[in-house]
Amino acid sequence: MDGTASNPFRPAGRRSVVPSVTDTYIENRVRVQPDDTNNYASAHGGNVVKWMDEVGAMSAMRLAGSTCVTARISGLDFERPIPQGDICAIESYVYAAGTSSVRVRLRAFREDPRSGETEQTTRSHFVFVAVDEDMKPTTVPDLAVESDRDQRLRQAALAAERS
């Protein structure tokens, strides 16, 4: 790709000079295979956390414009299992930024591949730190909250963080 074509995975419209909540929004899906499961034929919790961490880092990097590393995982709640054969859908977005830190809301859902029915299974908030080539913390831009969607997502993340 030459970098000039529009990206079908990004929201339509121009990207803000200051990245917005929506600019950092990512959904990713993983089909839960036998190698991903525990003794009870459901996704191993460690795999769910790994998938959440990977997608969360992508959201953080969209804001930071640089590599981000995991600094903290807050309130990791496993609410129900994801059976083998179902899809683990991860939702991730940045809702707050500090000097070098980025707070990301993460939720995982069980999705039936045949019907598309979903239910939340896991929720957490991760903190990532932006780092330079020497792995030293580096500053991140401000986070814009421009649209109604940005406001709804940010408010939902802040409310979930308090609960």
Name every residue in the range 18-63 that is farther than 20 Å from T118 by Cβ, touching an Asp or Glu at 6+ places or on another chain (Cβ under 8 Å) and surrounded by fewer than 15 Cβ atoms within 10 Å (Cβ to Cβ), in order of residue number.
V18
Test F9 against the stated conditions and say whether it is modelled with pLDDT under 95, within 19 Å of the chain's Cα centre (by Cα) and either buried (at least 19 other Cβ atoms within 10 Å of the Cβ) or among the aromatic types (F, W, Y) (or both).
yes
Would you point out the residue of the range 89-100, among those that are closer than 19 Å to A160 by Cβ and touching a helix residue (DSSP H, G or I) at 6+ places or on another chain (Cβ under 9 Å), that is surrounded by the most Cβ atoms within 10 Å (Cβ to Cβ)?
V94
Are any of the residues in the range 116-131 surrounded by 21 or more Cβ atoms within 10 Å (Cβ to Cβ), among the hydrophobic types (A, V, I, L, M, F, W, C) and farther than 26 Å from G45 by Cβ?
yes
Looking at the range 74-88, can you tell me whether even one residue there is of a type in the set (G, A, S), over 20 Å from V30 (Cα atoms) and surrounded by 19 or more Cβ atoms within 10 Å (Cβ to Cβ)?
no
Out of (1) touching a residue at least 60 places away in the same chain (Cβ under 8 Å); (2) within 19 Å of E54 (Cβ to Cβ); (3) in contact with a Phe, Trp or Tyr (Cβ under 7 Å, 6 or more places away or on another chain); (4) not hydrophobic (A, V, I, L, M, F, W, C), the one E111 does not meet is (3)
Tell me, which residue of the range 64-100 that is of a type in the set (S, T, Y) and not in a strand (DSSP E or B) is nearest to V127 (Cα to Cα)?
S100
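The values are calculated or read from the model by the stated rules, or taken from the named source; none is laboratory data. Remember, it's a predicted structure, so these values are computed and weren't measured experimentally. Methodologically, a virtual Cβ is constructed for each residue, glycine included, from the backbone with ideal geometry; neighbour enumeration extends over all protein chains shown.
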